[in-house]
Amino acid sequence: MSIVPQIPMPAYPGRRWEARHYPETSSTCTRFRADLRSDLHALAGVPLSLREDIELCGSEAFANAVTHSRSQRPGGTVVRLLSTPIVMGRETTLRLSIIDDGPLDTRPMCPPPRRSVEEWEQAESGRGLLLIHRLASEWGTQRWADPTQPTVLGTVLWTEFTYPTPTRAVSTSITCVCGGGR
């Protein structure tokens with residue numbers, strides 16, 4: 001007996017996947033991408049090119065979290081949230097949030113020094129947020145702080161991707177194909 005995989009479910013407002021927690025190492029990025037790919041595959045109607053863009057943006061956000069935050073320290077974590085907060089008419093919005101353990105340094109952030117075109121062309125990193133800006137419909141960051149103390153607990157980098165809602169109904173049944181017998 002073999003079971004045919006379940007057909008992806010349509011999006012609905014407020015749908016949330018279970019939060020996923022990842023250890024602080026950049027080697028975890030492979031597992032992060034595989035989990036995200038699997039969760040996106042379970043959602044009907046998301047075009048392949050958009051799933052790839054979401055996976056790329058998620059990978060960049062994850063890499064930033066383990067490189068530039070306290071998540072890189074022993075015992076640090078990165079949390080991934082995925083939801084469809086809005087499904088209206090002909091459009092669905094998918095939101096991906098990456099939460100890190102907060103800034104390495106609590107001093108106010110200074111803007112990085114400006115680079116020349118030649119420096120940008122030769123740089124090996126530093127384009128992750130630019131890439132997210134180009135691919136996501138909307139994005140932003142927000143500090144996650146304890147309201148009772150002046151302590152920053154983490155940073156949330158959120159991205160939203162809007163795509164056309166499928167117009168046809170999608171079946172959610174599981175089909176069982178049994179071998180042998182009659």
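How many residues are among the hydrophobic types (A, V, I, L, M, F, W, C) and touching a Phe, Trp or Tyr at 6+ places or on another chain (Cβ under 7 Å) if we restrict to region 27-86?
Residues in region 27-86 being among the hydrophobic types (A, V, I, L, M, F, W, C) and touching a Phe, Trp or Tyr at 6+ places or on another chain (Cβ under 7 Å): 8 in total.
Does Leu96 satisfy the criteria of being surrounded by fewer than 21 Cβ atoms within 10 Å (Cβ to Cβ) and either over 14 Å from Leu157 (Cβ atoms) or of a type in the set (A, V, I, L, M) (or both)?
Here the answer is no, as Leu96 does not meet what is asked.
Would you check if there is a residue in region 15-23 being under 22 Å from Arg127 (Cα atoms) and at pLDDT 90 or above?
no
Of all residues being more than 20 Å from Arg95 (Cα to Cα) and of a type outside the set (Ser, Thr, Tyr) in region 40-84, which is surrounded by the most Cβ atoms within 10 Å (Cβ to Cβ)? Just the residue, please.
Among residues in region 40-84 that are more than 20 Å from Arg95 (Cα to Cα) and of a type outside the set (Ser, Thr, Tyr), the one surrounded by the most Cβ atoms within 10 Å (Cβ to Cβ) is Val66.
Which of the residues spanning region 44-83 are in a loop (DSSP other than H, G, I, E, B) and either at negative phi or under 11 Å from the mean Cα position of the chain (by Cα) (or both)?
Within region 44-83, Ala44, Val46, Pro47, Arg73, Pro74, Gly76 qualify.
Name the residue, out of Arg37, Arg31, that is farther than 19 Å from Leu131 by Cα, of a type in the set (D, E, K, R) and either surrounded by fewer than 16 Cβ atoms within 10 Å (Cβ to Cβ) or at pLDDT 90 or above (or both).
When all the criteria are applied, what remains is Arg31.
Considering only residues that are modelled with pLDDT under 90 and either among the aliphatic types (A, V, I, L, M) or under 14 Å from the mean Cα position of the chain (by Cα) (or both), which ones fall in region 132-147?
The answer is Ala145, and nothing else.
Answer with yes or no whether Ile86 is under 21 Å from the mean Cα position of the chain (by Cα), modelled with pLDDT of 70 or more and assigned to a strand (DSSP E or B).
yes
With the requirement that a residue be within 16 Å of Pro8 (Cβ to Cβ), over 11 Å from the mean Cα position of the chain (by Cα) and of a type in the set (A, V, I, L, M, F, W, C), what does region 32-43 give you?
Ala42, Leu43
Please state which one of Ala44, Ala61 is of a type in the set (A, V, I, L, M, F, W, C), touching a residue at least 40 places away in the same chain (Cβ under 8 Å) and over 18 Å from Pro166 (Cβ atoms).
Going through Ala44, Ala61 in turn, just one is of a type in the set (A, V, I, L, M, F, W, C), touching a residue at least 40 places away in the same chain (Cβ under 8 Å) and over 18 Å from Pro166 (Cβ atoms): Ala61.
Considering only region 148-181, state which residues are at pLDDT below 55, in a strand (DSSP E or B) and of a type in the set (A, V, I, L, M).
Passing the criteria: only Val177.
The values are calculated or read from the model by the stated rules, or taken from the named source; none is laboratory data. None of these values were measured; they are calculated from a predicted model. Neighbour counts run over all protein chains shown; Cβ positions are idealised from the backbone, glycine included.
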